[in-house]
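The values are calculated or read from the model by the stated rules, or taken from the named source; none is laboratory data. Everything numeric in this text was worked out from a predicted model, so none of it was measured. So basically every Cβ, Gly included, is an ideal-geometry build from the backbone, and we count neighbours across all protein chains shown. Heads up: the accessible areas ignore ligands, DNA and RNA and are worked out on the full protein's heavy atoms, side chains in. Shrake-Rupley method; radii C 1.70, N 1.55, O 1.52, S 1.80 Å.
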Amino acid sequence: GRPGVGKTTVVRHFIQSLNSNSYKVAYAPLSTVSARGFYEQLAHLLAGYTPHTKTQLFRVIQESIMEFAKTKNTIPVIIFDDAHLLDTQNFFELQLLSNFNFDSLSPALFILIAQPHLMDRLRKPVFEAFYQRIRLHIPLRPFSQKQTASFISHIMEKASSSSSSDLFSPKAIELIFETSEGICRKITRILEQALIFGAANKLEHIDENVIYQVSTELNMDEKSMLHFHTPQKPQ
């Protein structure tokens, strides 16, 4: 899914629904590492220590997975966040790590959280064997206008006793959808700024003019940050 659509939130909710006695969750947030760093991260998450050689690391990771699955009757759930940043070599390493007993066992669940261009990478011929191992693809798309309205209503109900319809005009909600493109992270940023603006100006209702103003300010802030981080050409 695109940045901000809620990929990590969805996986967090999924993990919280699992029985901790039946599943061992290992979350690997660091994707921009070498093959050795990739192995060390997994070994530490699963076994609690990191051997010196790559061969030992590989063995410890696979043995830890099998110990959880067979001895402890627990399924390891190994999550890679920002998987689109993984080095090409690490996809090959993951393919090797997930091969158990001549590819006849699947003792662990691997979840890759990534932006859409990961699929473009994995469709290349060099990744064909890895791509074929992916059992389930779950695309997370931005909200529709109706879903955006429901999301705003949910946030307002959680935050206070007021409903979104009491505070935001229909036109304001429509403009939030158009400005945010239905991406929940953008929606929450606009809501936050609109509520701050409304509180500062003692507004009883927030209309499309407020949303337009705060959206414009947020857009200008993003552009200024990009300009600030862009290296200048020498004169």
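Observations, loosely collected:
- In the range 89-107, the qualifying residues are those that are hydrophobic (A, V, I, L, M, F, W, C) and open to solvent by less than 20 Å² (accessible area, probe 1.4 Å), and the one that is nearest to ALA47 (Cα to Cα) is LEU97.
- Consider the range 57-74 and keep the residues that are closer than 15 Å to LEU42 by Cα and touching a residue at least 40 places away in the same chain (Cβ under 8 Å). The one that is nearest to the chain's Cα centre (by Cα) is ILE65.
Listed here are the residues, each with its yes/no results for (1) exposed (fewer than 15 other Cβ atoms within 10 Å of the Cβ); (2) aliphatic (A, V, I, L, M); (3) modelled with pLDDT under 95.
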residue	(1), (2), (3)
ASN21	yes, no, yes
PRO29	yes, no, yes
VAL33	no, yes, yes
ARG36	yes, no, yes
ASN73	yes, no, yes
ILE79	no, yes, no
ASP87	no, no, yes
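- Within the range 15-42, the set of residues being part of a helix (DSSP H, G or I) and either without any contact (Cβ under 8 Å) to a residue 12 or more places away in the chain or closer than 17 Å to PHE92 by Cα (or both) comprises GLN16, ALA35, ARG36, GLY37, PHE38, TYR39, GLU40, GLN41, LEU42.
- Scanning the range 121-140 for residues that are closer than 18 Å to ASN99 by Cβ and out of contact with any Phe, Trp or Tyr (no Cβ under 7 Å at 6 or more places or on another chain) turns up VAL126, GLU128, ALA129, TYR131, GLN132, ARG133, ILE134, ARG135.
- Members of the range 178-215 found to be open to solvent by 50 Å² or more (accessible area, probe 1.4 Å) and under 28 Å from GLN115 (Cβ atoms), listed by number: GLU178, THR179, GLU181, ARG185, LYS186, THR188, ARG189, GLU192, GLN193
- Among the residues listed as GLN95, GLN115, the single one being of a type in the set (S, T, N, Q) and at pLDDT 95 or above: GLN115
- When ALA114, ALA129 are screened for being in contact with a helix residue (DSSP H, G or I) (Cβ under 7 Å, 6 or more places away or on another chain), under 19 Å from VAL11 (Cα atoms) and of a type in the set (Gly, Ala, Ser), only ALA114 passes.
- Residue in the range 164-174 that is in contact with a helix residue (DSSP H, G or I) (Cβ under 9 Å, 6 or more places away or on another chain), among the aromatic types (Phe, Trp, Tyr) and farther than 23 Å from LYS7 by Cβ present: yes
- Selection of the range 142-161 for residues being of a type outside the set (A, V, I, L, M, F, W, C) and surrounded by 12 or more Cβ atoms within 10 Å (Cβ to Cβ) yields PRO142, GLN145, GLN147, THR148, SER150, SER153, GLU157.
- Condition met for THR55 (assigned to a helix (DSSP H, G or I) and of a type in the set (S, T, N, Q)): yes
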